[in-house]
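One structure below.
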Amino acid sequence: MSPQPKTAQFTFQGKVIDLPVLSGTEGPDVVDISSLYKETGLFTYDPGFMATASCASAITFIDGEKGRLLYRGYSIAALARNCDFLEVAYLLLYGELPISEQRQTFVKQINQHTLLHEQMSSFYEGFRRDAHPMAVMVGVVGALSAFYHDSLDIHDPQQRELASFRLIAKMPTFAAMAYKYSLGQPFLYPKNHLCYSGNLLRMMFGLPTEEYKINPVLVKAMDLILILHADHEQNASTSTVRLAGSSGANPFACIASGIAALWGPAHGGANEAVLNMLRQIGDKQHIPEFIKRAKDKDDPFRLMGFGHRVYKNYDPRAVVIRESCHEVLSELGIKNDPLLDLAMELERIALQDDYFIEKKLYPNVDFYSGIIFRAMGIPASMFTVLFALARSVGWVAQWQEMIADPTQKIGRPRQLYQGYAERAFVPVEQRTVK
Ligand code: CMC
């Protein structure tokens with residue numbers, strides 16, 4: 001006998017309704033409230049989506065209490081240690097790790113799209129040299145929809161796949177060009193015999209005048225960081241991509257909206273903010289003063305790289321990146337990095353502090369990613385760009401999942417209206433300042 005379906009009873013003004021309770025493969029059950037308005041005339045109210053599942057998904061799972069993160073069922077640590085970025089991209093997109101031939105075909109498919117339409121490079125000329133590269137990224141990725149008309153039909157699975165390949169393939173080219181433009185250096189074309197991260201590093205740091213020597217340590221570190229950032233369930237930028245996509249907007253426009261949402265310092269911009277904060281703290285002796293400020297309700301200062309909406313434990317990505325931080329620094333011959341020492345001391349002090357313990361504020365991925373990026377010679381303004389590059393894979397996978405879902409509807413949240421009730425119009429000569 002199959003078990004009785006679970007329900008939750010909801011009572012309002014004497015009326016009792018049964019709401020279905022749905023179970024996932026992991027994580028808390030959810031109450032399906034889609035009939036609530038019809039049955040009771042009530043909306044639910046949950047600013048910031050503190051207790052709301054906005055969709056069903058089979059891509060990524062986070063257990064915030066235990067600090068677990070799975071992509072398609074595989075732990076992030078296992079993937080980060082054993083895969084390269086494109087293998088993980090394949091996993092996120094198609095649900096399984098590729099066998100050898102699938103991997104080869106996928107790499108080939110991605111490589112076919114690393115070049116940009118030649119005219120796209122003139123877009124960069126329109127930006128100031130000192131523009132933030134994230135501003136440039138929002139613009140140029142959005143502009144893809146003006147160039148690739150053969151992958152805009154979201155109802156055609158082949159066009160959707162083509163758009164996904166294009167986005168994943170072109171992000172390193174875009175990112176490197178944003179960096180080169182800020183320096184006033186010539187753009188480098190991609191070289192498809194290189195791996196994804198190798199190509200990215202060469203386009204960022206190479207020059208047409210010299211042969212660029214790929215450093216395998218940097219390639220490994222870059223791949224690891226990209227894997228750790230590739231997807232993260234229904235966060236602000238992914239939800240933005242889904243919401244934009246739910247209206248039928250084309251994939252390039254949707255990913256550009258994700259880049260814009262990621263830019264904020266509470267989200268992807270945190271890695272850049274961590275480094276700025278460490279510089280601001282400057283010396284270990286100033287740490288107590290900054291911890292005090294972070295705890296002060298009247299001070300907007302927050303310890304950047306600490307805390308997470310979902311993780312109430314050590315961010316599993318931070319665990320992996322913390323280990324690699326030491327490895328990468330020592331392989332790069334950096335014996336003593338004052339900023340890493342400062343970060344570790346800050347982490348030690350914060351983790352012993354009652355405020356951080358009580359609120360379950362642990363270091364998140366951004367606390368360490370900036371330190372590795374910096375050691376790799378990547379400027380702070382590019383940190384969030386590289387996060388966006390990695391997350392594009394997750395955005396594309398989530399967007400594909402949403403479009404293919406036959407129950408998909410346009411996302412249209414409701415509100416608790418707190419403005420004026422209807423009032424009489426006042427002609428201009430009778431208006432007073434309120
Ligand atoms: N420093 C000091 N206090 C903090 C911090 C922090 N970094 N983070 C949260 N708190 C306090 C906050 O003041 C609040 O206190 P109270 O309950 O007394 O009002 C409590 O902890 C809960 O915080 P919240 O802002 O209500 O939690 P949230 O889930 O809305 O915000 C967060 C999560 C990540 C935006 C926040 O922890 C934060 O601003 N952290 C710093 C920015 C950061 O590192 N962001 C990267 C997130 S990981 C990468 C990514 O996914 O993009």
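Take D18: with every protein chain present and a 1.4 Å probe, its accessible area is about 90 Å².
Starting from the residue with the highest accessible area, list K335, K360, K66 in decreasing order, probe 1.4 Å. Kindly include the intermediate steps, with their values, before the conclusion.
Values: K335 180, K360 85, K66 140 Å².
Highest to lowest solvent-accessible surface, that is K335, K66, K360.
Rounded to the nearest 0.05, the FRET efficiency derived from the C-beta distance between F425 and E65 at R0 = 56 Å is 0.55.
Using a 1.4 angstrom probe, figure out how much accessible area the stretch 268-342 has per residue, in square angstrom, rounded to the nearest whole. Mind showing how you got there, number by number?
Numbers: 3870 Å² over 75 residues.
For the stretch 268-342, the per-residue accessible area is 52 Å².
The equivalent ellipsoid that matches the C-alpha gyration tensor of the stretch 115-166 spans semi-axes of 25, 11, 8 angstrom, in descending order. How big is the gap, in Å, between the Cα center of the stretch 205-258 and the Cα center of the stretch 23-100? Each part reduced to its Cα centre gives a spacing of 19 Å. What are the ³J(HN,Hα) couplings of the stretch 70-78, residue after residue, when phi is run through the Karplus curve with 6.51, -1.76, 1.60 and θ = phi - 60°? Round to Hz, x for glycine and proline. With coefficients 6.51, -1.76 and 1.60, one gets 10, 9, 6, x, 9, 5, 4, 5, 5 Hz.
Ignoring ligands, DNA and RNA, what percent of the 1.4 Å accessible area of the chain is carbon and sulfur?
On the way: 12100 of 22530 Å².
Here it works out to 54 percent.
Per residue of the chain, what 222 nm ellipticity follows from adding -39500 (n - 2.57) for every DSSP H run with n ≥ 4, rounded to the nearest 500? Mind showing how you got there, number by number?
On the way: 18 runs with 213 residues, N = 434.
It comes out at -15000 deg cm²/dmol, rounded to the nearest 500.
Might you tell me the accessible area per residue for the stretch 368-434, computed with a 1.4 Å probe and given in Å²?
On the way: 3930 Å² over 67 residues.
That works out to 59 Å² per residue.
Only one residue of I371, F12, A350 has its Cα farthest out toward the positive end of the dipole of the chain, where Lys and Arg carry +1 and Asp and Glu -1 on Cβ, and that residue is F12.
Charged side chains reduced to their Cβ positions (Lys and Arg at +1, Asp and Glu at -1) give the stretch 239-328 a dipole of some 260 debye around its Cα centre. Here the stretch 201-358 yields Rg over Rh of 1.02, to two decimals, using C-alpha coordinates and the Kirkwood radius. Dipole check for the chain: with +1 at the C-beta of Lys and Arg, -1 at the C-beta of Asp and Glu, and the Cα centre as origin, the magnitude is about 560 Debye. Computed with a 1.4 Å probe over protein heavy atoms only, the accessible surface of the stretch 121-193 comes to 43 Å² per residue.
The fraction of all Cα pairs in the chain landing in successive 20 Å bins from 0 to the largest distance is 23, 53, 22, 2, given as whole percents. Axis of helix 316-331 versus longest Cα principal axis of the chain: the two differ by about 10°, to the nearest ten degrees. Looking at the square roots a ≥ b ≥ c of the eigenvalues of the Cα gyration tensor of the stretch 79-121, which shape do they give, rounded for a/c under 1.5, prolate if a/b is larger than b/c, or oblate? Prolate, since a/c reaches 1.5 and a/b exceeds b/c. Placing a pseudo-label 7 Å from each Cα along the Cα-to-Cβ vector at S100 and A8 gives an inter-label distance of 5.0 nm. Applying 1/(1 + (r/R0)^6) with r as the Cβ-Cβ distance of S34 and A380 and R0 = 41 angstrom yields a FRET efficiency of 0.40. A Cβ-based charge dipole, computed about the Cα centre of the stretch 17-170 with Lys and Arg at +1 and Asp and Glu at -1, lands at about 540 debye.
A cut-off of 5 Å between modelled amide H atoms, ignoring neighbours fewer than 5 places along the same chain, links L19 with A8, Q9, F10. Extent of the stretch 283-381 along its three principal axes (Cα atoms, max minus min coordinate, largest first): 41, 29, 26 Å. Distance between the C-alpha centres of the stretch 112-163 and the stretch 397-424: 27 Å, rounded to the whole angstrom. When all protein chains stay in place, what accessible area (Å², nearest 10, 1.4 Å probe) is found for C325? Per-residue accessible area (C325): approximately 0 Å².
Taking amide H as placed 1.01 Å from N in the peptide plane, the amide H of F306 sits under 5 Å from that of N364, each at least 5 places away or on another chain. Here the gap between L416 and V21, fully extended at 0.36 nm per residue and compared with their Cα-Cα distance, gives a gain of 139.7 nm. In order along the stretch 174-184, the Karplus-derived 3J(HN,Hα) couplings, from 6.51 cos²θ - 1.76 cosθ + 1.60 at θ = phi - 60°, round to 4, 4, 4, 5, 4, 5, 4, 4, 5, 8, x Hz, and Gly and Pro are given as x. Taking only the Cα atoms of the stretch 109-258, the ratio Rg/Rh comes out at 0.96, with Rh defined as the Kirkwood radius. Computed from backbone phi with θ = phi - 60° and the Karplus coefficients 6.51, -1.76 and 1.60, the 3J(HN,Hα) list for the stretch 90-102 is 4, 4, 5, 6, 10, x, 10, 5, x, 6, 3, 5, 4 Hz; x is used for glycine and proline.
Gain on full extension, evaluated as 0.36 nm per residue between D150 and K108 minus their Cα-Cα distance, stands at 13.2 nm. Test of understanding: extend the Cα→C-beta vector of I357 to 7 Å, then name every residue of the stretch 276-298 with backbone N under 17 Å from that spot. In the stretch 276-298, the label zone of I357 (backbone N under 17 Å from the point 7 Å along Cα→Cβ) covers 292, 295.
The values are calculated or read from the model by the stated rules, or taken from the named source; none is laboratory data. All values derive from a computational prediction rather than experimental measurement. All Cβ positions, glycine included, derive from the backbone under ideal geometry; neighbour counts span all protein chains shown. Areas reflect the complete protein model, heavy atoms only, side chains present, ligands, DNA and RNA absent. Shrake-Rupley method; radii C 1.70, N 1.55, O 1.52, S 1.80 Å.
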